[in-house]
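A.B. asks: I have a structure here, written as structure tokens, and I will follow up with some questions on it.
The values are calculated or read from the model by the stated rules, or taken from the named source; none is laboratory data. On a predicted model such as this, the values are computed, not experimentally measured, just so you know. Every residue, glycine as well, gets a Cβ built from its backbone with ideal geometry; the counts of neighbours run over all protein chains shown. Note: accessible area is taken over every heavy atom of the protein model, side chains too, but ligands, DNA and RNA are not part of it. Shrake-Rupley method; radii C 1.70, N 1.55, O 1.52, S 1.80 Å.
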Amino acid sequence: MNGKLGPKGSIGYRGRTWQNVEDEIWTLVNKTFQRYNSNETVKLRQQLFDELRDLAVNITLLTTEVGHGSKMKPARSCKDLMVVRPGLGDGDYYIDPNEGSTADAFLAFCNFTAGGETCVIPERERSSEVNAPRVWWNVAYDEREISYGVKQGQIKLLRYFSKQARQTFVFRCLETIAAHDANRNTSDNALKYLGDDGNVHRLLDDDANYYIHKDGCQIKPTKKDRTIFTITSSGSRLNVLPVRDFAIGDFTHRDQKFGMKIGSVCFS
């Protein structure tokens, strides 16, 4: 059982505001230039003030939780950032899984609404269409793989600190199967994709979990349609994501076309 509240204590000293800090910086600047003609040193005074103020801001970011998620003080992951700064809203923040030099920190989308997902955005969404026979997506663009603008070591550490990863795609089709072939009642001609593990997988296989949000490509439409799907990997298959390339599996004639919108890969 709790007792009665004690008497109210005295009011403590009021903390310094940023205005106090700026006043102190100006005092220091004026002391530095007091032996010079003030008219000749206006620009130098302002320059020195700006530099000292920036230094004060950076010190504040480095020594308080205010800076977590900034370029000066990136978080290890969005989940860590959510713990340190629980009031933050969804948005872009700097992440550095290896916690070493901030030179390889990167901007990620933090989905706090989903529990602190760290979402890495592809450098390009690749939404144009190709009609090459059984060709890997990146061959059409003369590129090696889908890039996410993050060093591979950082991706590996994100996986190490995560239990699962997910990635959503929008496949645009013209007479091309994405996942399930309704006419043949099979998924043998489903899309193939190159995982981050270096292996080739097929949509709806046993190497990951798949959720088809909409499958407008299952009957080889004669008009353009789309299939929206999410790949989720976990456990020993966590390194399947992010996806590095795609290829169609049912090419039969050159009127077929497909395009792909590549979503962020989100670790949690």
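A.B. asks: What number goes with the only condition from (1) surrounded by fewer than 20 Cβ atoms within 10 Å (Cβ to Cβ); (2) closer than 30 Å to Ala103 by Cα; (3) modelled with pLDDT of 90 or more that Leu241 does not pass?
C.D. replies: That leaves (1) as the condition not met.
A.B. asks: Next question. Name the pairs: first residue in region 74-90 and without any contact (Cβ under 8 Å) to a residue 12 or more places away in the chain and closer than 16 Å to Phe109 by Cβ, second residue in a helix (DSSP H, G or I) and open to solvent by 60 Å² or more (accessible area, probe 1.4 Å), Cβ to Cβ under 8 Å, at least 6 apart or on different chains?
C.D. replies: Pairs found: none.
A.B. asks: Within region 69-92, count every residue that is within 9 Å of Thr118 (Cβ to Cβ), open to solvent by 10 Å² or more (accessible area, probe 1.4 Å), of a type outside the set (Gly, Ala, Ser) and touching a helix residue (DSSP H, G or I) at 6+ places or on another chain (Cβ under 8 Å).
C.D. replies: 0
A.B. asks: Which residue is nearest to Lys261 (Cα to Cα), if the candidates are limited to region 168-180 and must be assigned to a loop (DSSP other than H, G, I, E, B) and open to solvent by less than 10 Å² (accessible area, probe 1.4 Å)?
C.D. replies: Per the criteria, the residue is Ala178.
A.B. asks: Taking the options Lys261, Lys214, Lys156, Lys163, name whichever one is at pLDDT 90 or above, closer than 29 Å to Phe112 by Cα, over 24 Å from the mean Cα position of the chain (by Cα) and open to solvent by 10 Å² or more (accessible area, probe 1.4 Å).
C.D. replies: Lys214
A.B. asks: Taking strands (runs of 3 or more DSSP E) that do not extend beyond region 181-248, which have at least 3 residues that are touching a residue at least 60 places away in the same chain (Cβ under 8 Å) and under 26 Å from Glu123 (Cβ atoms)?
C.D. replies: Where strands (runs of 3 or more DSSP E) fall fully within region 181-248 and carry at least 3 residues being touching a residue at least 60 places away in the same chain (Cβ under 8 Å) and under 26 Å from Glu123 (Cβ atoms), they are 225-234, 245-247.
A.B. asks: What is the number of the single condition among (1) surrounded by fewer than 18 Cβ atoms within 10 Å (Cβ to Cβ); (2) over 21 Å from Phe161 (Cβ atoms); (3) of a type in the set (Asp, Glu) that Asp197 does not meet?
C.D. replies: For Asp197, the failing item is (2).
A.B. asks: Related question: Kindly evaluate Ser234 against the criterion of being out of contact with any helix residue (DSSP H, G or I) (no Cβ under 8 Å at 6 or more places or on another chain), surrounded by fewer than 18 Cβ atoms within 10 Å (Cβ to Cβ), polar (S, T, N, Q) and within 30 Å of Leu81 (Cβ to Cβ).
C.D. replies: Yes, satisfied.
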